[in-house]
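Okay, so here's the structure we're looking at.
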Amino acid sequence: MSIHEEINLIHDELALFDDVMDKYEYIIELGGELLPLDEQYKTSVYKVQGCQSQIWLHPYEKEGKLYFEADGDALIAKGLVDILIRIYSGHTAEEILETDTSQLKSLHLSEIISSGRQNGIASMLKKIYDFAKKVKNAR
Amino acid sequence: MHKDDFPFFQYQDIIYLDNAATTQKPQHVLEVMNEYYTRYCANTHRGSHDLGNKATQEYEDARRCVAEFIGADTNELVFTKGTTESINLLASSYVKDNFDTVILSELEHHSNILPWQLKDLHLEVISLDNNLNIDLNVYESLVQKHPKSFIAITHISNSFGILNPVKELIKIAHKYACTVMIDGAQALAHVNIDVKELDVDFYAVSAHKAYGPTGIGALYGKYELLQKMNPYQGGGSMIDDVSFEYSTFLNPPFRFEAGTQAIAEAIGFKAALLYLKNIQGLQKHDEAMLTYAKQRLQRLEGVELYTQADNVCGNISFNIKGLHHDDIGILLSKQNIMVRTGHHCTLPIMKKLGLEGTVRLSFALYNTQEDIDKTIQGLQKAVGMLR
């Protein structure tokens with residue numbers, strides 16, 4: 001599935017909720033299901049800057065594709081992180097870099113699209129793209 | 001019903017409890033700013049045309065009004081961008097050259113820590129008691145150890161609402177020849193301020209936390225101290241004479257206001273204070289909001305409050321055991337209840353208490369018991385979803 005298709009799929013999932021609180025209940029559920037991150041990655045190196053809550057992101061490359069795993073201490077942030085991982089994990093650096101982040105606006109998740117300096121989700125997005133750039137430039 | 005004075009509440013059905021960050025603005029403040037831009041928009045203190053004179057007159061009348069509101073003389077009031085700039089001005093123009101040590105409390109906002117740190121001043125910190133209060137004996141012995149220091153303390157804590165006994169603090173400070181600045185960012189909208197009665201040397205405020213516009217605030221300074229201070233920035237309208245060899249500057253407060261000032265904002269600042277002055281029973285309302293919020297919060301399971309002190313004003317901070325403040329803030333926001341979560345720019349006290357942050361409710365004159373009831377309902381809903 002392409003990144004674009006994954007965004008559309010998540011959009012459709014979230015669109016099922018008429019009530020915004022139900023939508024966030026679902027995001028909290030996703031946060032609870034996020035796979036645990038190995039303790040060795042919960043260090044300042046992997047910490048996402050500017051977070052209201054703590055998030056650690058471990059990016060890695062395997063057989064030409066980029067993968068992301070993460071953890072956090074707040075449930076909604078973890079749920080949003082889970083959504084971003086679903087969208088971006090398992091794709092090549094080029095695929096990621098070709099994806100305009102404005103596509104994420106269709107998800108109507110204000111925590112992802114606002115670009116405030118305190119917004120950890122936006123910083124996490126930047127980390128994903130920075131890693132993709134790094135991998136591409138290293139080739 | 002004061003909410004009717006604020007157009008913000010006509011446009012959206014929002015419970016706004018983040019007033020310690022910034023308040024909403026009454027219609028009249030917006031009108032006078034609009035009037036400046038549409039009827040007499042011109043620069044101040046320059047030239048001699050009628051519009052410029054009118055703008056200058058209104059700007060200077062705003063200075064008189066703000067000064068009067070805090071009990072100062074007009075020429076003792078410097079307009080700044082806000083409390084942060086007031087403190088930075090003081091650090092640059094006075095404290096760095098005249099003091100080695102700045103004494104402050106553990107409760108201080110970053111804007112009353114970093115300006116001193118950036119000037120390489122040595123910091124001495126007053127330890128607080130378990131209720132986050134300053135113990136006057138602890139304070140006095142620290143001041144005694146560092147006489148002739150500069151002391152910078154908040155009037156009301158933006159994170160925990162503690163109302164400091166500033167008059168006593170100033171009195172003790174002067175006993176040891178110290179000079180005192182009080183950070184009044186949170187106090188302007190909540191308590192009566194009389195700088196002469198306090199005998200404070202400097203006092204810093206922001207308009208936007210007291211129903212005025214953003215981008216304007218003030219620094220009060222005793223005139224004899226302002227006279228000793230160097231200009232903060234160089235530019236238009238602050239000079240006596242300029243040549244390539246040597247320049248001289250105007251007297252305070254103009255010496256500290258280089259370049260075109262926030263004219264509309266100064267005029268709006270005045271309107272906000274006149275509005276505030278006419279509100280009856282403000283302190284009673286403040287107390288009622290805080291007492292009611294505290295009562296309702298205490299009944300929630302797992303609520304942690306950080307002070308049992310009575311001298312709390314304007315805001316209350318809490319956490320709910322096992323839950324993250326950020327989750328609570330987001331879920332309240334989705335229910336149209338705006339509160340602040342996080343460290344509130346007071347990392348040192350958060351670290352001391354072992355906290356990542358708190359949820360903070362901060363009140364204004366337009367908040368009601370119903371706002372608090374709805375917030376508690378919203379909290380219960382959020383807690384149910386997170387547990």
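Within the stretch B:1-13, which residues are surrounded by fewer than 18 Cβ atoms within 10 Å (Cβ to Cβ), in contact with a helix residue (DSSP H, G or I) (Cβ under 8 Å, 6 or more places away or on another chain) and part of a loop (DSSP other than H, G, I, E, B)?
B:Pro7
Is at least one residue of the stretch B:210-230 at pLDDT below 95, over 18 Å from the mean Cα position of the chain (by Cα) and not acidic (Asp, Glu)?
Checking the stretch B:210-230: at least one residue is at pLDDT below 95, over 18 Å from the mean Cα position of the chain (by Cα) and not acidic (Asp, Glu).
Tell me, yes or no, whether the stretch B:31-39 has at least one residue that is without any contact (Cβ under 8 Å) to a residue 12 or more places away in the chain, under 30 Å from B:Gln335 (Cβ atoms) and in a helix (DSSP H, G or I).
No; the residues of the stretch B:31-39 include none that is without any contact (Cβ under 8 Å) to a residue 12 or more places away in the chain, under 30 Å from B:Gln335 (Cβ atoms) and in a helix (DSSP H, G or I).
Select from the stretch B:307-336 the residues that are buried (at least 19 other Cβ atoms within 10 Å of the Cβ), under 23 Å from the mean Cα position of the chain (by Cα) and hydrophobic (A, V, I, L, M, F, W, C) and write down the one among them that is nearest to the other protein chains (Cβ to nearest Cβ).
Within the stretch B:307-336, the match that is nearest to the other protein chains (Cβ to nearest Cβ) is B:Phe318.
Does the stretch A:1-32 hold any residues that are away from chain B (no Cβ under 14 Å) and either touching an Asp or Glu at 6+ places or on another chain (Cβ under 7 Å) or hydroxyl-bearing (Ser, Thr, Tyr) (or both), and which are they?
If the condition is that a residue be away from chain B (no Cβ under 14 Å) and either touching an Asp or Glu at 6+ places or on another chain (Cβ under 7 Å) or hydroxyl-bearing (Ser, Thr, Tyr) (or both), then A:Ser2, A:Ile3 are the ones that fit.
In the stretch A:14-43, which residues are in a helix (DSSP H, G or I) and in contact (Cβ under 8 Å) with a residue 12 or more places away in the chain?
A:Leu14, A:Tyr24, A:Tyr26, A:Ile27, A:Ile28, A:Glu29, A:Leu30, A:Gly31, A:Gly32, A:Glu33, A:Tyr41
Out of all the residues in the stretch B:245-293, which are more than 24 Å from B:Lys222 (Cα to Cα) and part of a strand (DSSP E or B)?
B:Ser247
For residues in the stretch B:168-181 being assigned to a helix (DSSP H, G or I) and not basic (Lys, Arg), which is surrounded by the fewest Cβ atoms within 10 Å (Cβ to Cβ)?
Step by step, filter the stretch B:168-181, then rank; the result is B:Glu168.
State yes or no: is B:Ser86 in contact with a Lys or Arg (Cβ under 8 Å, 6 or more places away or on another chain), of a type outside the set (Val, Ile, Thr) and assigned by TED's automatic domain parsing to the domain that holds B:Thr179?
No.
Could you grab me the full set of residues in the stretch B:339-385 that are in a helix (DSSP H, G or I), without any contact (Cβ under 8 Å) to a residue 60 or more places away in the chain and more than 13 Å from chain A (Cβ to nearest Cβ)?
Across the stretch B:339-385, the qualifying residues are B:Lys351, B:Glu370.
In this structure, does A:Ala70 turn out to be in contact with a His (Cβ under 9 Å, 6 or more places away or on another chain) and facing chain B (nearest Cβ under 10 Å)?
So A:Ala70 fails the test.
Of the residues B:Ala309, B:Ala218, only one is of a type in the set (A, V, I, L, M), in contact (Cβ under 8 Å) with a residue 12 or more places away in the chain and either within 23 Å of B:Asp373 (Cβ to Cβ) or part of a strand (DSSP E or B) (or both); which?
It is B:Ala218.
Give all pairs with beta carbons closer than 6 Å in which a residue from the stretch B:156-167 that is modelled with pLDDT of 95 or more and surrounded by 24 or more Cβ atoms within 10 Å (Cβ to Cβ) meets a residue that is of a type in the set (S, T, N, Q) and part of a loop (DSSP other than H, G, I, E, B); count only pairs at least 6 apart in sequence or on separate chains.
From residues that are modelled with pLDDT of 95 or more and surrounded by 24 or more Cβ atoms within 10 Å (Cβ to Cβ), the pairs are B:Ile156/B:Gln186; B:Asn158/B:Gln186; B:Ser159/B:Thr346; B:Phe160/B:Thr307.
Can you name every residue in the stretch A:51-67 that is closer than 17 Å to A:Glu94 by Cβ, in contact with a Phe, Trp or Tyr (Cβ under 6 Å, 6 or more places away or on another chain) and not hydroxyl-bearing (Ser, Thr, Tyr)?
Result: A:Pro59, single match.
I need a count of the residues in the stretch B:144-192 that are closer than 15 Å to B:Lys222 by Cβ and among the β-branched types (Val, Ile, Thr).
5
Any idea which of B:Glu124, B:Glu60, B:Glu68 is part of a strand (DSSP E or B), charged (D, E, K, R) and surrounded by fewer than 24 Cβ atoms within 10 Å (Cβ to Cβ)?
Residue meeting the stated conditions: B:Glu124.
If I filter the stretch A:55-111 down to residues being in a loop (DSSP other than H, G, I, E, B), touching a residue at least 60 places away in the same chain (Cβ under 8 Å) and within 28 Å of B:Lys334 (Cα to Cα), which single residue comes out as farthest from the chain's Cα centre (by Cα)?
A:His108
Being crowded, with 24+ Cβ neighbours inside 10 Å, of a type outside the set (S, T, N, Q) and part of a loop (DSSP other than H, G, I, E, B) is the filter here; which residues of the stretch B:182-200 pass it?
Answer for the stretch B:182-200, where residues must be crowded, with 24+ Cβ neighbours inside 10 Å, of a type outside the set (S, T, N, Q) and part of a loop (DSSP other than H, G, I, E, B): B:Gly184, B:Ala185, B:Ala187, B:Leu188, B:Ala189, B:His190, B:Val200.
The values are calculated or read from the model by the stated rules, or taken from the named source; none is laboratory data. Keep in mind that this is a model prediction, so the values were computed, not measured. With ideal geometry, Cβ positions are generated from the backbone for all residues, glycine too; neighbour counts draw on all protein chains shown.
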